[in-house]
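Structure first, commentary second.
Read-outs: derived from the displayed coordinates by stated rules, not from any lab. Here the structure is a predicted model, which is why all the values come from computation and not from measurement. No Cβ is skipped: glycine too gets one built from the backbone with ideal geometry, and neighbour counts run over all protein chains shown.
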Amino acid sequence: MFGRFLTYILLLSTFFLFSLPASGEEFQLEGKKNVEYTLKYPGLMQDHPLFFLKKIRDRINLFLIRDYLKKSDLILQISDKDIHSGLLFSQQGKWGLAANTVDTAERDFMKIFPLLNQSKKQGVTSGQDFILILKLSNEKHQEVIEAILKDVPQGERKRLSDTLMINKKAENELKKF
């Protein structure tokens, strides 16, 4: 009993301690302009059996971070990883997972704005650098969604169109900052 508990603790601590950020990979999307913003490497993706551990880790980190700006930055990283996962799923032909993941990424991205407003109410501004990063990220998300939307089968097209509308709402929110 104690050995099993110790094994779980070691596994989780290894997951938390050695989860170093990895740099994203560059990729070219066909179409109009190419936004100069590198998405984070997604690591474990939704089709991996241990993905639930990554989600648990992210939720714990979000719970433990009390600084709204740091929490916003973490949500941005999670959103970027998810949008990159969606792109990779679409390249593999896993359209359902791609649509799911991209939708999750945009919904996570929308969680940043209440945190920035709350931070502003407390007298801490985010700074123009972070806002610029958010704008670039939003443009890259739009570029990825449009690239996926070109190739997606008819069944997932409506969902991705709705996700693109969420992206447009985020763009409008960013204009307020």
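Brief remarks on what is shown
- Paramagnetic reach from Gln122 in the range 32-75 [backbone N under 11 Å; point 7 Å along Cα→Cβ]: 65-72
- Residues whose amide H comes within less than 5 Å of that of Gly43, counting only those at least five positions distant or on another chain, are absent (H built at 1.01 Å from N in the peptide plane).
- Hits among aspartates and glutamates - C-alpha to C-alpha of Lys54 under 19 Å, sequence gap 8 or more where chains match: Asp73, Asp80, Asp82, Asp103, Glu106, Asp108
- Spin-label pair Met110/Gln154, simplified geometry with 7 Å Cα→Cβ offset, distance in nm: 2.8
- HN-Hα J in Hz across the range 141-150 - Karplus 6.51, -1.76, 1.60, θ = phi - 60°, x for Gly and Pro: 4, 4, 4, 5, 4, 5, 5, 5, 4, 5
- Coupling constants for the range 54-61 follow from the phi torsions by the Karplus curve (6.51 cos²θ - 1.76 cosθ + 1.60, θ = phi - 60°), and in residue order they are 5, 5, 4, 4, 5, 5, 5, 4 Hz; glycine and proline get x.
- The lysines within cross-link reach of Lys121, meaning a Cα-to-Cα straight distance under 17 Å and a gap of 8 or more places when in the same chain, are Lys70, Lys71, Lys111, Lys176.
- Shape category assigned to the range 67-177 from the gyration tensor of Cα positions, a/c cut at 1.5: prolate
- Cα shape, the range 49-119, gyration tensor, a/c 1.5 rule: oblate
- Gained length - Glu146 relative to Asp129, 0.36 nm times residue gap less alpha-carbon distance: 3.5 nm
- Estimated FRET transfer efficiency (Leu53, Leu74; beta-carbon r; R0 22 Å; 0.05): 0.85
- In Hz, Karplus ³J(HN,Hα) per residue of the range 122-130 (6.51, -1.76, 1.60; θ = phi - 60°; x = Gly, Pro): 7, x, 10, 8, 7, x, 6, 5, 5
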